[in-house]
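Before anything else, here's the structure in question.
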Amino acid sequence: MIFSTWQPIHHRLELSPDIAHVIRLNLNLAHEQWSPLIGLLSDEERARATRFRFDEPRRQFVICRATLRQLLGTLYGVVPEAVSFHYGSCGKPELLFQELTSSVPQIEFNVSHSGTIGLIAIATGASIGVDVEQMSPDVKFLQLAERFFAPTEATELKSLQPEKQLNGFYRGWTCKEAYIKAKGDGLSLSLSSFCVAIDPDQPASLCHVDDQPDEPTEWTTESLKVSENHAAAVMVRRRDCPIALWDWPVN
C-alpha cells in the first residue's frame, strides 16, 4: 500500500524493515543549482559526467548520484564524499562500507530517472527496484509489447480500450523494469519470462514468474503517480510492504 502522499523531507529517514521509501527528485534545475553537486561525486563519477555529450543526461546523472550520496551519507552518519560503491556483474551498485557500520541496518537502494523526474528507492533487508519513464504518445507501444512482453501481457494490452492502452503499456513497462532492477539480473532476465498486471485501472502486481510459482507472493508492487506525463513503479521483495513517498528539497 502507499503509506502517504508525497511529503517533503524535513528529517532523517527512519529506517525500518516494515517500510520502504521512495524519494522524488526535481531534475529540472538551472545550471547554478545543480553544478555545485559535482563536488560531491567521486573522481570516476565526475569523469563519467564529463563524457555526456549533452547537458540533460549530465544534469540527470549529477543530481541523482549526488543526492543518493547525500541521502546515504545522512543515514550512515558520514559525509557524502565518503560513500563508496562497487558494482555487481550486472552493473547494480552496492555500498562498500557497510561492514564498518554494523549499527545501521543493511540498506538496499535503486535509482531511476527520466525527463525532469528522478526517483531513489530505499529498503532495509529486502531487494528493491524502481523505474520512472516519461510517457510519449508517439511510442509504438503495441509493437514493443509484442516484442518484449509476455504473450498474455501483450494480449491484455490489446484488449484495453484504446484510450487506456498507452497508460497500460507504461504501467507494464515500469513494473517489469522495477522487478528486473530489484533482482539485479540485468539483461540476463528476459522481460517475457514473467508477467505483471497491465490494466492501469487495477492494482499493480507481479502475476507470474516462469518456473517460480511462489515468487509473486513474495513481492509488493506499487504504481506511483509522480507527474502527469510520467509513469513509475516500485517493487520490494517483502509481502504487503508499505511505501512512504518523499520529495527531496531543492536548494
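Bear in mind that the values in this text are calculations on the coordinates, not laboratory data. Here the structure is a predicted model, which means the values were calculated and not measured. FYI the Cβ positions are ideal-geometry reconstructions off the backbone, even for glycines, and counts take in every protein chain you see.
Out of ARG58, ARG69, ARG53, report the one residue that is of a type in the set (Lys, Arg) and loosely packed, with under 12 Cβ neighbours inside 10 Å.
Going through ARG58, ARG69, ARG53 in turn, the sole match is ARG53.
I'd like to verify a number: residues in the range 1-30 that are within 20 Å of ILE117 (Cα to Cα), out of contact with any strand residue (DSSP E or B) (no Cβ under 9 Å at 6 or more places or on another chain) and surrounded by 10 or more Cβ atoms within 10 Å (Cβ to Cβ), how many?
Of the residues in that region, 1 qualify.
OK, next. How many residues are within 18 Å of the chain's Cα centre (by Cα), part of a strand (DSSP E or B) and under 19 Å from SER127 (Cα atoms) if we restrict to the range 200-244?
The total comes to 13.
When the range 222-242 is examined, which residues are found to be out of contact with any Pro (no Cβ under 8 Å at 6 or more places or on another chain) and farther than 21 Å from LEU27 by Cβ?
GLU222, MET235, VAL236, ARG237, ARG239, ASP240, CYS241, PRO242
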